[in-house]
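The values are calculated or read from the model by the stated rules, or taken from the named source; none is laboratory data. Bear in mind that the values here come from a model prediction, so they are computed numbers and not experimental data. Note: ideal-geometry Cβ built from the backbone for every residue, glycine included; neighbour counts use all protein chains shown.
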Amino acid sequence: MASPLVQIAFYYLAVASVASAILAVTRRNPVHSILWVLALFLHVAGVFLIVGAEFLAVVQVIVYAGAILVFYLFFLMLLDLPSEIKEFRFNEHWRWAVAIGVVFVALTWYAARLEHMPIVEPEVASQAVAGNLSVVGTALFTEFILPFEIVSLVLLAAIVGAVAVARKKTES
Amino acid sequence: MLVNGCLVLSAVLFGIGLVGFLSRRNIILMLVSIEIMLNAVNVSLAGFSQYLQNPKGQILALFIIAVAAAEVAVGLGLIMALSRARPGVSVEDLTQLKW
């Protein structure tokens, strides 16, 4: 059981991230939405710190908040969409969307109750000796080396594909 | 228990991302909603990783972050090509298969 301070911090981070996610989804101005997503990602990084995933928290701040959201902001400013603020921001099926979301959250919340969780013996042996970050790094470079290399190929393909798709077609 | 809170937080964030994806008209904000959903999955993976004392959950979350970065690059490139062919980013205007 976690200490009360950790629990208070977790509840603050959870409430703040849910609030910023709702604001991100409902704001009219796309730039405001993306800034609320930035707040969401920073709070989720705090949640990662609390559950002991320090490397994941750092990657979350650098890659998500640093790279991906800045990419989104650059892109929005490149497109320059003044008409977005005037028009209605939801489509005509938004009530169905809200109903689907509420049903999904209710079902998952029910499934996530503690008595439904399988009782699994934790693997203490590897964790006890080494620190968290070295455990993650060792697993990443030994057991998961092939997926790690494949991910680098995926990123390369994504870069080349993005350039190929977004390139201005020259007259041939 | 911390893992229970993580799972509930993950479910709520995923639901918010789902509602955003299904209800927004702006295609860029639909992609942002996908980011919210991917992040919600990362929260639950980190919670399970702490519950089972096993680093594999964190490694899977790292791979999800990498795939999210790739998805953003390709998705925004596609929207770039789309907005060059016709102005606006509303999904309701994208009804023809080819132009």
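Which of the residues belonging to the range A:76-115 are under 21 Å from the mean Cα position of the chain (by Cα) and either among the basic types (K, R) or within 15 Å of B:S90 (Cα to Cα) (or both)?
A:L76
Between B:E71, B:E92, which is facing chain A (nearest Cβ under 7 Å), assigned to a helix (DSSP H, G or I) and acidic (D, E)?
Checking each option against the conditions leaves just B:E92.
Which count do you get for residues in the range B:43-55 that are part of a helix (DSSP H, G or I) and either facing chain A (nearest Cβ under 7 Å) or of a type in the set (D, E) (or both)?
In the first step, residues of the range B:43-55 are kept if they are part of a helix (DSSP H, G or I); the result is B:43-52.
Applying the additional criterion that residues be either facing chain A (nearest Cβ under 7 Å) or of a type in the set (D, E) (or both) yields B:43, B:46-47, B:49-50, B:52.
So the answer is 6.
Quick one: which of B:S10, B:S33 is free of Cβ contacts under 8 Å to residues at least 40 places away in the same chain, within 18 Å of A:A45 (Cβ to Cβ) and either more than 7 Å from chain A (Cβ to nearest Cβ) or of a type in the set (S, T, N, Q) (or both)?
Checking each option against the conditions leaves just B:S10.
Of the conditions (1) within 7 Å of chain A (Cβ to nearest Cβ); (2) at pLDDT below 90, B:V19 clears all except one; give me its number.
(2)
Keeping to the range A:1-25, report how many residues are among the polar types (S, T, N, Q) and buried (at least 18 other Cβ atoms within 10 Å of the Cβ).
2
Output the number of residues of the range B:46-74 satisfying the condition of being buried (at least 20 other Cβ atoms within 10 Å of the Cβ) and farther than 30 Å from A:G52 by Cβ.
1
State whether one or more residues within the range A:35-53 are surrounded by fewer than 16 Cβ atoms within 10 Å (Cβ to Cβ) and either farther than 30 Å from A:G137 by Cβ or modelled with pLDDT under 90 (or both).
Initially, the range A:35-53 is screened for residues surrounded by fewer than 16 Cβ atoms within 10 Å (Cβ to Cβ), giving none.
No: the range A:35-53 contains no residue that is surrounded by fewer than 16 Cβ atoms within 10 Å (Cβ to Cβ) and either farther than 30 Å from A:G137 by Cβ or modelled with pLDDT under 90 (or both).
Would you mention how many residues in the range B:19-32 are part of a helix (DSSP H, G or I) and either on the phi > 0 side of the Ramachandran plot or buried (at least 24 other Cβ atoms within 10 Å of the Cβ) (or both)?
The number of residues fulfilling the criteria is 5.
List the helices (runs of 4 or more DSSP H) that sit entirely inside the range A:1-116 and contain at least 1 residues that are at negative phi, of a type in the set (D, E, K, R) and more than 9 Å from chain B (Cβ to nearest Cβ).
In the range A:1-116, A:54-59 are the helices (runs of 4 or more DSSP H) which contain 1 or more residues that are at negative phi, of a type in the set (D, E, K, R) and more than 9 Å from chain B (Cβ to nearest Cβ).
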